[in-house]
Amino acid sequence: MRPSSALNRALVWFRRDLRDFDHAALSHALRDAREVFCVFVFDREILDTLPSRADRRVEFIRESLVELDHGLAKRGGALIVRHGFARDEIPGVAAELLVDAVYANRDYEPQALARDTAVGRALAGQGVDFRTFKDQVIFERDEILTRQGTPFGVFTPYKRTWLSALTPGHLAPHAIDDRPRALAKPPAPLARGVPALDALGFKPTKLGDLGVVAGMSGGAALFASFKRRIDRYRGLRDYPARKGPSYLSVHLRFGTVSIRQLAAYAHQRSLLPNAEGAATWLSELVWREFYAQILWHHPRVTEHAFLSQYDELAFPNDRRLFAAWCEGRTGYPIVDAAMRQINTTGYMHNRLRMITASFLVKDLLVDWRWGERYFADALIDYDLASNNGGWQWAASTGCDAQPYFRIFNPVTQSERFDPDGKFIRRYLPELASLDDREIHAPWQVPIAIQQAKGVVVGRDYPSPIVDHAVQRAAALALFRAVRSPAPPDARAARR
DNA sequence: TTTTGAGTTGTTCGA
DNA sequence: GTCGAACAACTCAAA
């Protein structure tokens, strides 16, 4: 345990940890300092580069901050909210409040690390400590390594080691002093409440209409509901029409739930008999940490294939095919329904993320980075490490990747995971009159039946933009070209 | 150092 | 309709 440093004043900087319970930085600050202030920065470094002025994530964050502010007020505090560049705002607020130290939970993304280095340097120049803590994962950085001391590149041994390293201490919450006056009230000019969306230059996105409830209360409600379904998770999670997943990803992204709480529950339950659901879900939480750890050790994956020989893949990158994929008019119903789901809700079911990713890379022969970028812009739960890991997995370019000859057949996947076409009908009502067998491949329905049902392919719904069998062969050739014969120098460069 | 077992999520072909 | 093999040999992690 850290010896008490007996600070006079500390500032807790909230980033992707928008909660007032089980919070490492807040817990430590309240123990270390006599007076504790809290701040959040709408960082223009991020906001200014968002592709749309109607961004669900900004709205989610803003709503979460309102609840966080209320929570802090119960302890006598208030959230200071700034809109500017973190590298200026944090040192600025620290100077105004004359704090001795700034406390924050660690963020492992390359941009966040660069930001924190800059902020830390500026603070040091003012004689202010910058203290960071592990909070958003159970195991961070190099806490899980092979016996040789190297990072894992394969999931299963990583998970085995992760599970055997787990102790009750890793799952214990960071207690927060919840006495009424535990937090300090900032001077009035600093605490002006949470700005409205339009003050930030953004438009509302009607999150509520989508059923997304931000903040700690939204996260807690989802978790409570998922606890009642977790035993069925394994059986239901692959069916996009079913309520299988936890839907907690966005709350994990912004820290409106605590990873320790989720993992502790899943782990405890996974030890009971017949607890495959909890064990499978815990595995998903471990995947999240696996990819976070890959990004930490290999930041180059944001730009490059993890397996460097696949940087040589000569994707044709047809812009018209890419546009059709983005807009959900490929003529493959499961793909189009999935793309309409992400476009209209900012969420896409995990099975569909795999199907659409495989389709973009292996059927449309478009660079996985294009798809990764599109998901990054569209997903409310977008997380760099997981999104990159998932795309590289599907593209067969990543660590622990799917072998390149495993190419999803969009029709087979549709028949298997949306057998009654329920999900397809939800997002493609124009196909609703087709029966359960027909809906997965409308172009194969006899024209007379198409006409009778008012679903004529080419008129009411697009013809398939590519032929899967043809594209599959082309993808195999594309990948084979960078594998064999491997030029001797390329092989050497790999090492 | 060498050997060995294993590796999230599949598809297609032919018997 | 069902089943096993091939896809293509590869790399990781542990013993």
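Do we have A:Gly92 as touching a Lys or Arg at 6+ places or on another chain (Cβ under 9 Å) and within 20 Å of A:Asp178 (Cβ to Cβ) here?
Values: touching a Lys or Arg at 6+ places or on another chain (Cβ under 9 Å): yes; within 20 Å of A:Asp178 (Cβ to Cβ): no.
No; evaluated as a whole, the condition is false for this residue.
Looking at the stretch A:141-162, can you tell me whether even one residue there is closer than 25 Å to A:Asp381 by Cα, within 16 Å of DNA strand C (Cβ to nearest atom), within 22 Å of the chain's Cα centre (by Cα) and small (Gly, Ala, Ser)?
Looking for residues that are closer than 25 Å to A:Asp381 by Cα, within 16 Å of DNA strand C (Cβ to nearest atom), within 22 Å of the chain's Cα centre (by Cα) and small (Gly, Ala, Ser), one finds at least one in the stretch A:141-162, hence yes.
Scan the helices (runs of 4 or more DSSP H) fully inside the stretch A:176-261 and keep the ones with 1 or more residues being among the β-branched types (Val, Ile, Thr), at pLDDT 95 or above and under 23 Å from the mean Cα position of the chain (by Cα).
A:249-254
Across the stretch A:386-406, which residue is farthest from the chain's Cα centre (by Cα) among those that are buried (at least 22 other Cβ atoms within 10 Å of the Cβ) and aliphatic (A, V, I, L, M)?
Of everything passing the filter in the stretch A:386-406, A:Ala395 is farthest from the chain's Cα centre (by Cα).
Under 7 Å between Cβ atoms, at least 6 apart or on separate chains: pull out the pairs that start in the stretch A:23-52 with a residue that is in the same structural domain as A:Leu68 (by TED's automatic domain parsing) and end on any residue that is among the hydroxyl-bearing types (Ser, Thr, Tyr) and at pLDDT 95 or above.
A:Ala25/A:Tyr103; A:His28/A:Tyr103; A:Ala29/A:Tyr103
For A:Ala337, state whether it is of a type in the set (Gly, Ala, Ser) and either farther than 30 Å from A:Ala441 by Cα or in a loop (DSSP other than H, G, I, E, B) (or both). Quick ask: steps written out before the conclusion?
Numbers: of a type in the set (Gly, Ala, Ser): yes; either farther than 30 Å from A:Ala441 by Cα or in a loop (DSSP other than H, G, I, E, B) (or both): no.
Against the criterion (of a type in the set (Gly, Ala, Ser) and either farther than 30 Å from A:Ala441 by Cα or in a loop (DSSP other than H, G, I, E, B) (or both)), A:Ala337 does not qualify.
Restricting the first residue to the stretch A:164-176 and requiring it to be surrounded by fewer than 14 Cβ atoms within 10 Å (Cβ to Cβ), which pairs with a second residue that is among the aliphatic types (A, V, I, L, M) meet a Cβ separation below 8 Å and a spacing of at least six or different chains?
A:Ala165/A:Ile144
Taking into account only those residues within the stretch A:410-422 that are more than 16 Å from DNA strand B (Cβ to nearest atom) and closer than 16 Å to A:Met339 by Cα, which is surrounded by the fewest Cβ atoms within 10 Å (Cβ to Cβ)? Break it down stepwise before answering.
We begin by selecting, within the stretch A:410-422, every residue more than 16 Å from DNA strand B (Cβ to nearest atom); these are A:420-422.
This time we only want the ones that are closer than 16 Å to A:Met339 by Cα, so: A:421-422.
Numbers: A:Gly421: 24, A:Lys422: 14.
Result: A:Lys422.
When the stretch A:28-79 is examined, which residues are found to be over 26 Å from the mean Cα position of the chain (by Cα) and part of a strand (DSSP E or B)?
A:Ala33, A:Arg34, A:Glu35, A:Val36, A:Phe37, listed by residue number.
Exactly one of (1) in the same structural domain as A:Trp370 (by TED's automatic domain parsing); (2) touching a Pro at 6+ places or on another chain (Cβ under 9 Å) is unmet by A:Leu321. Its number?
Exception for A:Leu321: condition (2).
Evaluate the following for A:Ala357: is it crowded, with 21+ Cβ neighbours inside 10 Å, assigned to a loop (DSSP other than H, G, I, E, B) and modelled with pLDDT under 95?
Working: crowded, with 21+ Cβ neighbours inside 10 Å: yes; assigned to a loop (DSSP other than H, G, I, E, B): no; modelled with pLDDT under 95: yes.
So A:Ala357 fails the test.
For A:Glu140, all conditions in the list (1) in a helix (DSSP H, G or I); (2) within 30 Å of A:Arg56 (Cα to Cα); (3) away from DNA strand B (no atom under 16 Å from the Cβ) hold save one; what is the number of the exception?
Every condition holds for A:Glu140 apart from (1).
Can you name the residue in the stretch A:372-401 that is more than 17 Å from A:Arg288 (Cβ to Cβ) and in contact (Cβ under 8 Å) with a residue 24 or more places away in the chain and is also nearest to DNA strand B (Cβ to nearest atom) among such residues?
A:Ala401
Could you count how many residues in the stretch A:387-415 are within 12 Å of DNA strand C (Cβ to nearest atom) and of a type in the set (A, V, I, L, M)?
Of the residues in the stretch A:387-415, 2 are within 12 Å of DNA strand C (Cβ to nearest atom) and of a type in the set (A, V, I, L, M).
Is the stretch A:448-465 home to any residue that is assigned by TED's automatic domain parsing to the domain that holds A:Trp325, within 16 Å of DNA strand C (Cβ to nearest atom) and either within 21 Å of A:Glu327 (Cβ to Cβ) or at pLDDT below 95 (or both)?
For the stretch A:448-465, residues assigned by TED's automatic domain parsing to the domain that holds A:Trp325, within 16 Å of DNA strand C (Cβ to nearest atom) and either within 21 Å of A:Glu327 (Cβ to Cβ) or at pLDDT below 95 (or both): absent.
The values are calculated or read from the model by the stated rules, or taken from the named source; none is laboratory data. None of these values were measured; they are calculated from a predicted model. So basically every Cβ, Gly included, is an ideal-geometry build from the backbone, and we count neighbours across all protein chains shown.
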